[in-house]
Each structure stands twice: as C-alpha cells, then as structure tokens.
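One structure, pasted below without further comment.
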Amino acid sequence: MMNVFKHLKGDRIVWIIMLLFSLMSVLVVYSAVLNLVHYNGNQKTSPVGYLLKHTGILAAGMGLTFLAHRVKYTFYAKLAPLGFLMSIPLLLFTLFKGVRAGEASRWIGIPGTSLTFQTSDFAKIMLVLFLARILAVEFGNWERFSDVLKKLLLPVVAICGLIFPANFSTAAVLFVNAMFLIFMGGVPMRHLFKLAGIAIVAAVVLGFWIWIAPSTIPGNRGPTWKSRIEHFSDGASEHNYQSEQSKMAIANGGMFGKGPGNSTQRAFLPQASSDFIFAIVLEEYGFLSGVLLLFLYLILLYRSVRMVRQKDKPFAGFIALGLSFSLVFQALINMGVAVDLFPVTGQPLPLISMGGTSILFTMASLGILLSVSHTLQQNAQDVKPE
C-alpha cells in the first residue's frame, strides 16, 4: 500500500477526498439503481450491471487523475488554446448533429462504439484553462475595457452560447464560474462593474425571452425552462413530482438515516441515481452525512484556494481556483435542487452521481489540480534552507 502512495503526488487531502467520494458513489448509486430493471427482448439488465459499469467508469476516472497529475501543470497552459479551439467545432457538431435524448442534443457518438461523449464537459475544462492562461499572461495589464471584452468575455460567450440551446443550466453554471475566475483574476474593479452590468442586462433579456416567447429560443428547450420555473414557483403540486419525492426522502432520513440500501423513495424518483442522488444520500445516511459531504466539498475548495497564494505563479493559482470552484459550485446547485431551493436543473452531483463523461472529466480536472499542487510542493522544497 505504501508503494502505491509513493506514486501519488500532490495534496494527499485531495486524493483522500476523491477516494471517499468514489466509495460513497459506489454505495449510493448501487442503492439508487435497485429499482431500475430494464428489459431488452429476453435479456434482463440487473442493478449489478449498472454497478459494474459505474465502478468501471470510476476506475477509468482515477486512471485519468493519475495520468493528468503526472504531467507538469505548465503543459496545460500550452494545451489551453488548442483545447479551446477544438471545443467550438465539437459544440457546433453536437448542436446540429449530436445524439438526441428527449429534446436535447448534448452528446456525440464515438465512431465504432456504442459510447457517447458529452462535449460540454470537455469545453468546461478547456474554457477554465484558457481563461487561466489569459489572466496569467495579462496579469496587471487590463487598462482597456475593450481588451477585457475581446480576450475574456468573448471566449466565455462563445462557449456558453453554444452550450446554451441544449443545456441552459450547464451554460449558466459555466458562465458564473467564468465570471468568478475573472473577478479573482486581477481585472480592475471598474471593468468588473461594467461586466456585471452587461451580465445583468443579458439575464433580464433572457428571462423575458423565456417568459414571453419560449418557443422561439433555439434548441426547442425554452418551453421546458419556462415550465420548470413556473412549477417551482407553484410550490407543492403534481408538476413538482420529483421535488416532492426528494423532500419526502430527506424527511424519511432524519438525522442519522435509514441505513445503506434502505431507501424507499428511490422507487419514486426517476433520477435517483443522478440529479436527485443527494436525496438518496440523506435518506439512507441522514442529515449528518449531507453535512459531511458538503464539508468535504468545501475542504476541496479550501485546499485549492491555498494554491492561489503563490503570487509568482498566477497560472497555477487560476487553474486551481477555476477548476475547484466549478466543481463545488455545481455540487451546491445539485444539493439546492434536492432540498427544493432551486428549480430542477439536471446538474449531477460531482463524483457522486452515476454518469460517464461527467465523472471522467471531473476526475481529469482533479488530476490537473493535483499537478499544480505537486509542482508547488516541489518548489517549496527547493527553497527550503539546508
């Protein structure tokens, strides 16, 4: 075991948190899919099949974490422009020729396989890396607002705009994350106020558009967004079925939970293994487990914020801040939906929900984070006195 740990570089606390999340994910996902029995002709897919697939994805994700953390973080500065440019045609292809699920086109098929790839997961990481690179290169040189618009806001609008028609919540979460990174990136306050004004005006216009003419929004998702907002404001109703079942699950769990595998509401929550998995966590493991889960996410953010203090390595700090805030902010949104603080968004709980590319890219981002941590630790050791 000690030989294994010798090969794990970077912040050991981040490694431990990732492993704890993975263990929790296996336990909760297995419980959440117990009611999922799909038939395909005479072939029956058992919950064990879901568990094995999910465990395999987690293992592959850990492999990506390991590979990503062994690469020096400065490599990602070189990768960022290419990755950003690749994201645009990938998102365009997804928008017009992607694999559809319901009303949304969010995936592209991988040739020669039955696998699909959610391009927005790739684009999210690339946008963070690209912004981190720009903020580091231009640090302290943001005198003209036109430079802020051209070098920072335009890339954000391009990526979020291409994600928006099929996945509004992902575009919104990514936009907030990008604005947070820009806010922390040394851009003068006078420019930040202007950006905030632009964002507020855009949000108001979009809100009116969704409310007045949702069917005219590209991607045919406008009516769905309006419906979710309306039903959320209605409170308890037949339209808020998932939210009501989620609240029942949380109430059933109480302080200490009903025990592993003893959820009853999983049979009534259509997205028990993904969007509403936090409700299953609270039902089976109790309110205290939810607090612990939130605490682990916040520790992850704190460990990343510590890296931002490296003033002589702004790119490292911006990477750490952008990737960790993105993960934690998404977790807070998922938890908020489960406890009925927000309308249904479709955002999974990072590292916990059952998924494919979402897990893989989240773990890859942790690998990049660990690469930053490892390099900073090496530099700290190099300057220690004899």
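The values are calculated or read from the model by the stated rules, or taken from the named source; none is laboratory data. Being a predicted model, the structure only gives us computed values, none of them experimental. So basically every Cβ, Gly included, is an ideal-geometry build from the backbone, and we count neighbours across all protein chains shown.
Residue-by-condition table, conditions (1) polar (S, T, N, Q); (2) in contact with a strand residue (DSSP E or B) (Cβ under 9 Å, 6 or more places away or on another chain); (3) surrounded by fewer than 18 Cβ atoms within 10 Å (Cβ to Cβ):
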position	(1), (2), (3)
52	no, no, yes
64	no, no, no
70	no, no, yes
75	no, no, yes
87	yes, no, no
91	no, no, no
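For the range 204-229, give me each residue that is free of Cβ contacts under 8 Å to residues at least 24 places away in the same chain, surrounded by fewer than 17 Cβ atoms within 10 Å (Cβ to Cβ) and farther than 23 Å from residue 92 by Cα.
The answer is 204, 205, 207, 208, 211, 212, 213, 227.
Could you figure out which of (1) touching a residue at least 60 places away in the same chain (Cβ under 8 Å); (2) among the aromatic types (Phe, Trp, Tyr); (3) not in a loop (DSSP other than H, G, I, E, B) isn't true of residue 130?
Of the numbered conditions (1) touching a residue at least 60 places away in the same chain (Cβ under 8 Å); (2) among the aromatic types (Phe, Trp, Tyr); (3) not in a loop (DSSP other than H, G, I, E, B), the odd one out for residue 130 is (1).
Sticking with this structure for a sec: How do the pairs read when you match residues in the range 7-36 that are farther than 20 Å from residue 258 by Cα with residues anywhere that are charged (D, E, K, R), using Cβ under 7 Å and keeping only pairs 6 or more apart or on different chains?
Final answer for the pair search is 11/303; 13/303; 14/303.
Determine whether residue 153 is among the aliphatic types (A, V, I, L, M), outside the structural domain of residue 358 (by TED's automatic domain parsing), surrounded by 15 or more Cβ atoms within 10 Å (Cβ to Cβ) and in contact with a helix residue (DSSP H, G or I) (Cβ under 8 Å, 6 or more places away or on another chain).
The answer is yes for residue 153.
Let me ask another. Does residue 190 satisfy being in the same structural domain as residue 87 (by TED's automatic domain parsing) and modelled with pLDDT under 85?
So residue 190 does not fit the description; no.
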